[in-house]
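One structure is given here, and the rest of the page talks about it.
The values are calculated or read from the model by the stated rules, or taken from the named source; none is laboratory data. Since we're looking at a predicted model, the values are computed, not measured. All Cβ positions, glycine included, derive from the backbone under ideal geometry; neighbour counts span all protein chains shown.
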Amino acid sequence: MRLEGKVALISGGARGIGEADARLFAKEGAKVVIGDVLEKEGRQVEAAINEQGGDAVFLKLDVTNEADWSRAVDATLQRFGKLNVLVNNAGISGVQWMGEMSVEVWNKIVGTNAMGCMLGTRAAIPAMRKAGGGSIINISSQMGIVGSEFGHPIYTASKGAIRAFTKAIAVHHAKDKIRCNSVHPGPIATPGNEARRRTPGFNERIQAQVPLGRHGRPEEVAYGVLYLASDESKWITGIELAIDGGWLAQ
Amino acid sequence: MRFKDKVALITGGARGMGAVEARMFAKEGAKVAIADILDKEGGALEKELSKNGHDAVYLHLDVAKSQDWRKAMEAIEKRFGRLNILVNNAGIRGELKDLVNITEEDYDRVLAINAKGTFLGMKYAIPAMRQVGGGAIVNISSLVGIIGSRGRNAAYDASKGATRVMTKTAAITYAKENIRVNSIHPGPIDTPMTEESYRDPEARARSQSRIPLGSIGQSEDVAYAVLFLASDESSYMTGAEIVVDGGMMAY
């Protein structure tokens, strides 16, 4: 098992890509902390993992809240004794504010996606130092690298911030043996974008733009996250892993 | 096992990174064709893998020769009946000289093996992959296929840059046929090819000082990335790059 003996904290772990990460990590032997604001869904993922013989716990975690992060890391250490892996996965797309370029919307999207990632990283580093190293995986987007008519420009900014922040953390903390990499999913079919995918013509437009011709599945992102979390990637830091159906290659 | 029932061809598979990949692939259940011009080392690896219960064969293959590729594909078809995975790993370093001092012959030789070899590999493997409804190609480029290297062999860097972009073109072109093509970009790795460069302790220390994670990489670090891109675990990835460099490119 690739994450045997490791403890992982996954933000936004109650559904979508984060849920797939949590389930796959548990299958690979990790003890998993599911952090999310979605309590009902988070409890269900926790129960499902534990029923299958895994070791998971749900914690309420609003990634924009500093106190929540402190509590989440403390609870992780109390329950499992250490922290080896952090997946900064929680995020919002902001498509409901498409066309609106305001300070409020900026603060909402950048505040959740980029600041949430910073707060998680800040909270996790001391615990990882104590563990003799660790792996941080930040979920950016293909839109952290290129612009797209499908994404809010402020979402793109927030994901671009995560991309560059990842490299800085990688460089600053390589000496602590803390690796930090970013993942750049293309269009992935998740509960969060289900309504949008039901809009007539939307899927066809996406599929026309993805070389592989389809949405990705959360599990397909989770395997990339697993690779970066495990020691199989022990000499990798500061990289970008595009899991985008070929979006960025064109 | 991540490669149950898969057939993989690894060029330059007789030693170094290619041999580590061959062993890892076999352990994960793949049937492995080890292709190289180093017949002695390749034959020994075939024996080693067979002795350990794996299904492996060594094939003589000069990657710069079309005829060799045709023969290798025929041999794989005959032995295994299909091809699912190609790792274009074979490569040479070229003269350890700067651009002005590289000979034209060396430039041509490096490009023929590193870039044309990768091109020919894809040219001959893709039709075979079509027959089984898809496949995965992993091209070994380099960190210097993305960024420049001060005073080093420009021909090598050019060949690796060519590999990088060819990868993306092939990825986009054959995506609809479920043939995925990705590239790997290793930084300084201890291999037989780089032995000469890192033998001098001062040169080694100089290289290490530029690597945030503090050490030269090992072949297995690259092999795990190859394994990931060759397996179905990366089924939504194509035209992508994995940099395996201890953090060098991040700063």
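Observations on the structure shown:
- In this structure, residue A:9 does satisfy being assigned to a strand (DSSP E or B) and touching a residue at least 40 places away in the same chain (Cβ under 8 Å).
- The set of residues in the range B:193-234 that are within 30 Å of residue B:29 (Cβ to Cβ), within 12 Å of chain A (Cβ to nearest Cβ) and aliphatic (A, V, I, L, M) comprises B:222, B:223, B:225, B:226, B:227, B:229.
Rundown of residues vs (1) within 22 Å of residue B:219 (Cα to Cα); (2) away from every other protein chain (no Cβ under 14 Å); (3) under 15 Å from the mean Cα position of the chain (by Cα), yes/no style:
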residue	(1), (2), (3)
B:137	yes, no, yes
B:141	yes, no, yes
B:156	yes, yes, yes
B:176	no, no, no
B:185	yes, no, yes
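- Looking only at the range B:235-251, residues that are at the interface with another protein chain (Cβ under 7 Å from one of its Cβ atoms), in contact with a His (Cβ under 9 Å, 6 or more places away or on another chain) and more than 22 Å from residue A:245 (Cβ to Cβ) come to 2 in all.
- Count of the range A:68-94 residues which are surrounded by fewer than 19 Cβ atoms within 10 Å (Cβ to Cβ), in contact with a strand residue (DSSP E or B) (Cβ under 6 Å, 6 or more places away or on another chain) and outside any helix (DSSP H, G or I): 1
- Residues in the range B:26-72 that are out of contact with any Leu (no Cβ under 7 Å at 6 or more places or on another chain), part of a helix (DSSP H, G or I) and crowded, with 18+ Cβ neighbours inside 10 Å: B:41, B:42, B:45, B:46, B:49.
- Residue within the range A:113-125 that is over 23 Å from residue A:197 (Cα atoms), among the basic types (Lys, Arg) and in contact (Cβ under 8 Å) with a residue 24 or more places away in the chain present: yes
- Residue check, residue B:129 within 14 Å of chain A (Cβ to nearest Cβ) and over 16 Å from residue B:66 (Cα atoms): no
- Residue A:217 meets the conditions (1) more than 10 Å from every other protein chain (Cβ to nearest Cβ); (2) surrounded by fewer than 18 Cβ atoms within 10 Å (Cβ to Cβ); (3) farther than 17 Å from residue B:246 by Cα in every case but one. The failed one is (1).
- Look at the range B:154-172: where a residue is surrounded by fewer than 24 Cβ atoms within 10 Å (Cβ to Cβ) and a partner is part of a helix (DSSP H, G or I) and not hydrophobic (A, V, I, L, M, F, W, C), sitting 6+ places away or on another chain with Cβ atoms under 6 Å, you get B:161/B:145; B:164/B:145.
- Considering B:159, B:207, the condition of being at pLDDT below 95, among the hydroxyl-bearing types (Ser, Thr, Tyr), more than 30 Å from residue A:215 (Cα to Cα) and out of contact with any Asp or Glu (no Cβ under 6 Å at 6 or more places or on another chain) is satisfied by B:207 alone.
- Condition check for residue B:108 on (1) within 20 Å of the chain's Cα centre (by Cα); (2) in contact (Cβ under 8 Å) with a residue 24 or more places away in the chain: one failure, at (2).
- Close pairs (8 angstrom Cβ cut-off, 6 or more residues apart or separate chains): within 7 Å of chain B (Cβ to nearest Cβ) and closer than 17 Å to residue B:212 by Cα in the range A:222-238, part of a loop (DSSP other than H, G, I, E, B) and acidic (Asp, Glu) anywhere: A:235/B:245; A:236/B:245
- Against the conditions (1) over 25 Å from residue A:233 (Cα atoms); (2) touching a Ser or Thr at 6+ places or on another chain (Cβ under 6 Å); (3) surrounded by 18 or more Cβ atoms within 10 Å (Cβ to Cβ), residue A:97 satisfies every one except (2).
- Consider the range A:144-198 and keep the residues that are away from chain B (no Cβ under 11 Å) and in contact with a Leu (Cβ under 8 Å, 6 or more places away or on another chain). The one that is nearest to residue A:228 (Cα to Cα) is A:145.
- If you go through the range B:159-174 and pick out every residue that is within 14 Å of chain A (Cβ to nearest Cβ) and among the small types (Gly, Ala, Ser), you end up with 2.
- Residue, surrounded by the fewest Cβ atoms within 10 Å (Cβ to Cβ), within the range A:27-63, restricted to residues that are in contact with a helix residue (DSSP H, G or I) (Cβ under 7 Å, 6 or more places away or on another chain) and part of a helix (DSSP H, G or I): A:49
- Of all residues in the range A:164-176, those that are among the aliphatic types (A, V, I, L, M) have Cβ atoms under 9 Å from Cβ atoms of residues that are outside any helix (DSSP H, G or I) and surrounded by fewer than 22 Cβ atoms within 10 Å (Cβ to Cβ), 6 or more apart or on another chain, in A:168/B:251; A:170/B:212; A:170/B:251; A:171/B:212; A:171/B:251; A:174/B:211; A:174/B:212; A:174/B:214.
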